[in-house]
Each structure stands twice: as structure tokens, then as C-alpha cells.
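Bear in mind that the values in this text are calculations on the coordinates, not laboratory data. Since the model is a prediction, treat every value here as computed from it, not as a measurement. FYI the Cβ positions are ideal-geometry reconstructions off the backbone, even for glycines, and counts take in every protein chain you see.
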Amino acid sequence: MDEIISVRNVRKEFRIHERPEGLKNGIGDFFHRKYICRTAVRNVSFSIDRGEIVGLLGENGAGKTTMLKLLTGILFPTEGKVTVSGFTPTDRKKEFLKGISFVMGNRSEVNWDLPAMDTFRYQQLVYEVPEDMFRENLNLLSVLLEVQDLLKVPIRRLSLGERMKMELINSFLYSPRIVFLDEPTLGLDLKSQIAVRGFLKAYRREKNTTVIITSHYMDDIEETCDRVILLGRGEKIYDGSIGELKAPDQPFKEIILNLIKDEKGQ
Amino acid sequence: MKKYLYGFQLFFLDAFHYRFNAVVQLFFGNVSTVVTVLFWVLIYRSNGAGDINGFSLTDMVAYYIVSSIVRGGVFSNSGFHYAGLIKEGKLSSELLKPYSINASLYFRNLAGYITGTFPQFVLVVLLLPVLARAGVSVLHVRNLLLLLAFMSLSTISSHMVWSILGLMAFWLEEVHAVMWSFAVLFNMISGMFLPLDFFPQAFLSVIRWLPFSCWTYLPTKACLGLTTPGESALLLGVNAAWIAVLWGLQRIVWGAGVRRYASVGG
Ligand SMILES: Nc1ncnc2c1ncn2[C@@H]1O[C@H](COP(=O)(O)OP(=O)(O)O)[C@@H](O)[C@H]1O
Ligand SMILES: [Mg+2]
């Protein structure tokens, strides 16, 4: 197998300034700061092969987003080693950055004042996409997502679902080899959720891209992924193929919830 | 290079999209310069005839008119921009882009400067004949070249100094108050409020060697033909050396700070 992502004993701590309530304590705090360490990811190791679609699952605060930020080089690990397509992500090598894409469901990448097309053209320049590849990708993506006639409308005027589709186009335009998606269906109505899922499956079939996706809609994961990594309070509690997890007599959602519950019980 | 220039173009598109805003700016962009000039007319009137610190009223008016163009080339915005990106966690998406964050910010500011200074530029062009008749040699090719040379250095060195201040947000989170205080100090020692000739000789002999004098005082004086060629060449060299020092310093601060980046939100 062809390993593309390797995570070895990674820990990420955040040091946060604990802010007390009230004025009196606030004044005290001015002179004596209290800091607490919060460990968002503890001692996690895994490896992902080229072409896999992996779902990162876990409750709120389990460390999913932090994990993706470590994999994309936004955060430095406190301890351990992350390697993605042979690079250390935090080195921010151009070649590395051109090969990855990080879609954040709750954060917009596109310029809201401009029509999507202008943003895409900018993206083309930033990622140095040749014109024919740009046209081909834009065509493929806008057909898959059914937005051909929305490309000239300012993003501001689009619905949430349509905007997410534009974010997806923007993130896939340069044919990234690895795509990280953090809650891509967050807040979308059912129809748009289905469209995004359908797109991910179709796109993957077309391009054999490696995809890491987090979501707390189990349907997203169940439908699109081959493999699941379950995080609980920063630790890896399950890692295996989705087939092994599925059972004929129990919904997927329940199986996952039971896994989390078992972990907490111990 | 092309991608930075496209960012440039997007900025213009944005400016044209909000036409009304652009028109209002055109009218009000010169208000503060006009008010300052009026103050000086009053001061010279009450002083009777004659020079103040070697500046005739014409020199003084010319100084403020020319410096109204020059001072826009001080990219304090770089500091505020970095601080905002860090505090709000928006640096995350910048970290993912396969370009130099620093260069893209510089060129954005340059675009902002060129569009934003249009009103002041119009004022200078309108007043040139008047100034020329009063004996001010703004239209000397040599002076204009010196102006351009000093200003190129000042856009870079101010971008560096300010981004170092803004990067303090990696440690302090909230740096606006600190930056505003520095802004006042920098404006003073760059000659933005008052030509540096008004300061005591001993003070002037020190601050003229600092990078700040290049932010307003030196380009303006050179443009008005009030410096000797030898002096100008020496000071251009000194400021180029400052840029090298500041560049190194900025790399160090960035390298240390980005490890601490918390990427809040998302
Ligand atoms: N920038 C940060 N500063 C401090 N704590 C953080 C920061 N980001 C995340 N955390 C904490 O780390 C834990 C994991 O967060 P996150 O990775 O966002 O979880 P998830 O995406 O699984 O909901 C949470 O307890 C969260 O409060
Ligand atoms: Mg999250």
C-alpha cells in the first residue's frame, strides 16, 4: 500500500488564559495570570493510504478539527510527527500546499463581494493552474454540483447550500491530491447535504483523491467513507474499515454512539 | 508575481463595485491636508512675515501637500492586518495558500495605497502650477526619481516594522492599544506631523538615521529639492540596510510566533 499520511504519537496542547468572572477577580487576574493547558489531541497515531476516504468521527470537542489543522500545517504539534505526502506540513512548502485542500464548513474562503468566477480566477493564479486544466475542472465541478448558471452572481446573493457548492469548487479547482473537509454539510438542508455527499462520491470515482472528512452527520460518513477513525477526548478509540463496523440489525449511528459510551465507561 | 498582481486587480474591482464609497473618498480624502494647511497659514500670519526654522509659508504648504501623498505609503495596515488575522484565527486560511503571506499583504497594501491616494494625487496635480510659480521645484526629474526611490524603501520598511508589531499578537493576543501608541510615536519621528527640522539638532542628528525618517520626511524633502545628492544617496543606502535588518528580524519573529498560533474558531 501507498502511505500518503502518517501521524506518529501526536499530541497537541493549547495553553489558555483562564478568565475569571467579575471585576474583582478580573483585577486580580491582571496581576496573577492563571493558565491552563488543554490537551486537544493526545498520543494519536495512524496512517492513511493514497485514495482512501477516511471519516474522522467524534463528539464535539473530541479533537477532529485540531487533527485536521495539524495535518494541514496550520498548527504545530506539541509532540510527535506528522508527515503528509512526504512533507512536514508546517514547513509550508509550496509543492505541499498546492497538493492539499482544506474545506471548512463554517468558514468562508471565497470573496463575498465578487461573483464566484472572479474568485475562481484568483484561485487559478494562486495555485498556478494551466488554463485547459482550469476549464476542464470548472466544467466537471459545476456539472457535478449543478451550479453552471450561478457563476456570475455575487456570492453574497447565494443561498447557504449554493455558497457551500462554490466553496467546494474553489477548493477542488486545482486538483488537490488530498482533500480535508471539516463538517462540509454543516447547516445545510437535507437536499444540499445529499448533493454534497453525491458530489464527493462522484468526484472520488473520477479522480481517486485521498479524502479525510469530519462530520457529525453520521449519514455523511456512512455513505462516503471506506474507513472510520473515532476520536474521544483527543484519543483514538477506534480505527477500522466501515464494513467491519456495520451490522445488519443496528443503525450505524447507534454503533458509533455505543463505541463512545464504552470508552467513557472505562 | 502574477498572483500578487491579480490580488491587486481584485482590490480595484472591489473599489469600483462600491462606487459611492469611492466617490465620497475622493471628496473627503483631502480634508485633513486642507485643514493642516489652513492652520499653517494662520500660524504664519500671526508670526508676521518670514521663515520658521528655515521654512517659508510656501515651503510649509508644499511639505504638507507632498507629504499627503507620501505618508499613505506607510503601511501601518500590515500590522493591524496581521494582528487581526492572528486574533480572529483567520491566519489559518492564509497559511494554506501556496504563496508568501507577507508578499501578498505587501502588494494588497500597495494596491490600497495606489487607489486610496488618488484624491491626494489630484490635489497635488491641481496645485502644482501654483507651487511652481511660488518657486517650489517639484517637477524636477531628479527630485521625482528620488521621491520614488525613498518611497519604495519606505513602503517596504514600514511594512516590515508594522508587521513585526502586528505579529506580537501571537504572544499578546490583543495589540491594538500598543500599536496605536507606536503609531503616534512613529508619525512624530517620521515627520508626518511636523518637518523634522523643527526638532532640536541633536535629536534630528539621531532620528534621521532611523528607518522612520524615510516614511515621510526624507521623500518629501527630496521631492521638494531640499536635500543634496550626496546626502540622498547615503540615506538611501542606510534605509536599504535597515530593510535587510528588519527582514531578518521579521523572519525570526514570524518563526517563533507561528508555532504558538492557536487558530481559534473553526
Ligand atoms: N485554539 C484553541 N485554544 C484552546 N483550546 C482549543 C482551541 N481549539 C480547540 N480547543 C479545544 O480542544 C478540544 C478539541 O477541539 P476541536 O478539535 O475543535 O474539536 P472538534 O472539532 O472535534 O469538535 C476542545 O476541547 C476545544 O475546546
Ligand atoms: Mg470541529
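Just a few scattered comments:
- Odd one out for A:Ser45 among (1) more than 16 Å from ligand 2 (Cβ to nearest atom); (2) in a loop (DSSP other than H, G, I, E, B): (2)
- Of the numbered criteria (1) more than 14 Å from chain A (Cβ to nearest Cβ); (2) over 21 Å from B:Met188 (Cα atoms); (3) touching a residue at least 60 places away in the same chain (Cβ under 8 Å); (4) over 15 Å from the mean Cα position of the chain (by Cα), the one B:Ser92 fails is (1).
- Among the residues of region A:122-133, those identified as surrounded by fewer than 17 Cβ atoms within 10 Å (Cβ to Cβ) and touching a residue at least 12 places away in the same chain (Cβ under 8 Å) are A:Glu128, A:Met133.
- Residue in region A:5-28 that is at negative phi, surrounded by 12 or more Cβ atoms within 10 Å (Cβ to Cβ), among the charged types (D, E, K, R) and without any contact (Cβ under 8 Å) to a residue 24 or more places away in the chain present: no
- Among the conditions (1) in contact (Cβ under 8 Å) with a residue 40 or more places away in the chain; (2) more than 14 Å from chain B (Cβ to nearest Cβ); (3) part of a helix (DSSP H, G or I), the only one that A:Glu136 does not satisfy is (1).
- Among the residues listed as A:Gly55, A:Gly61, the single one being away from every other protein chain (no Cβ under 12 Å), part of a loop (DSSP other than H, G, I, E, B), touching a residue at least 24 places away in the same chain (Cβ under 8 Å) and within 16 Å of ligand 1 (Cβ to nearest atom): A:Gly61
- For the criterion of being away from ligand 1 (no atom under 16 Å from the Cβ) and out of contact with any strand residue (DSSP E or B) (no Cβ under 8 Å at 6 or more places or on another chain), A:Ile155 fails.
- Across region A:209-239, the qualifying residues are those that are under 14 Å from A:Ile194 (Cα atoms) and of a type in the set (D, E, K, R), and the one among them that is nearest to ligand 1 (Cβ to nearest atom) is A:Asp220.
- Flag if A:Ile74 is within 11 Å of ligand 1 (Cβ to nearest atom) and either more than 13 Å from every other protein chain (Cβ to nearest Cβ) or touching a His at 6+ places or on another chain (Cβ under 7 Å) (or both): no
- Whenever a residue of region B:168-197 is within 27 Å of B:Leu57 (Cβ to Cβ), its partners that are of a type in the set (Ser, Thr, Tyr) and part of a loop (DSSP other than H, G, I, E, B), lying with C-beta atoms within less than 6 angstrom and at least six residues away or across chains, give the pairs B:Ser190/B:Thr216; B:Gly191/B:Thr216; B:Met192/B:Thr216.
- Against the test of being assigned to a helix (DSSP H, G or I), within 11 Å of ligand 1 (Cβ to nearest atom), touching a residue at least 24 places away in the same chain (Cβ under 8 Å) and buried (at least 22 other Cβ atoms within 10 Å of the Cβ), the options A:Thr119, A:Thr66 yield a single qualifying residue, A:Thr66.
- From the options A:Ile169, A:Ile242, A:Ile178, residue that is touching a residue at least 24 places away in the same chain (Cβ under 8 Å), in contact with a Cys (Cβ under 7 Å, 6 or more places away or on another chain) and either acidic (Asp, Glu) or more than 15 Å from ligand 1 (Cβ to nearest atom) (or both): A:Ile242
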